[in-house]
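One structure below.
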Amino acid sequence: MEFMGKELEEIVVTLPYEDGTSLDCGVYSYFEVNNKKYFALLPLKGEKELDFSRSYMLYEVEEDEENNPVVLYIEDDLEYAVAAQYFSEKLEKK
């Protein structure tokens, strides 16, 4: 699967934390709900292996001027609930 011409398996998202640490994640899934794009992320084991023992994290995703993904924290609880419900239903179908 691709996002803006990039293979999902090759996208690494580094999530920064307030304490100065960060977490590298891979993209498990990309989906759209209500005209917004979302990534379901999983932490990485090693350089590219998704850690399925951890919980999925949902983020809105946009693209910058160079078509690179930019992840955004979902601040609205209702928007998060709608995206989470869609993702949950998508997982059940797999």
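The values are calculated or read from the model by the stated rules, or taken from the named source; none is laboratory data. What you see is a predicted model; the values in this text were computed from it and never measured. No Cβ is skipped: glycine too gets one built from the backbone with ideal geometry, and neighbour counts run over all protein chains shown. Note: areas computed on protein heavy atoms with side chains; ligands, DNA, RNA excluded. Shrake-Rupley method; radii C 1.70, N 1.55, O 1.52, S 1.80 Å.
Quick one: in segment 30-45, which of the residues that are within 20 Å of LYS6 (Cβ to Cβ) and not aliphatic (A, V, I, L, M) is most open to solvent (accessible area, probe 1.4 Å)? Walk me through how you get there before you give the answer.
Of the residues in segment 30-45, the ones within 20 Å of LYS6 (Cβ to Cβ) are 30-32, 36-44.
Narrowing the set further to residues that are not aliphatic (A, V, I, L, M) leaves 30-32, 36-39, 43.
Values: TYR30: 32, PHE31: 7, GLU32: 99, LYS36: 73, LYS37: 57, TYR38: 7, PHE39: 0, PRO43: 3 Å².
Once the filter is applied, the top-ranked residue is GLU32.
Could you list all residues from segment 42-94 that are in a loop (DSSP other than H, G, I, E, B), farther than 18 Å from TYR17 by Cβ and of a type in the set (Lys, Arg)?
Result: LYS48, LYS94.
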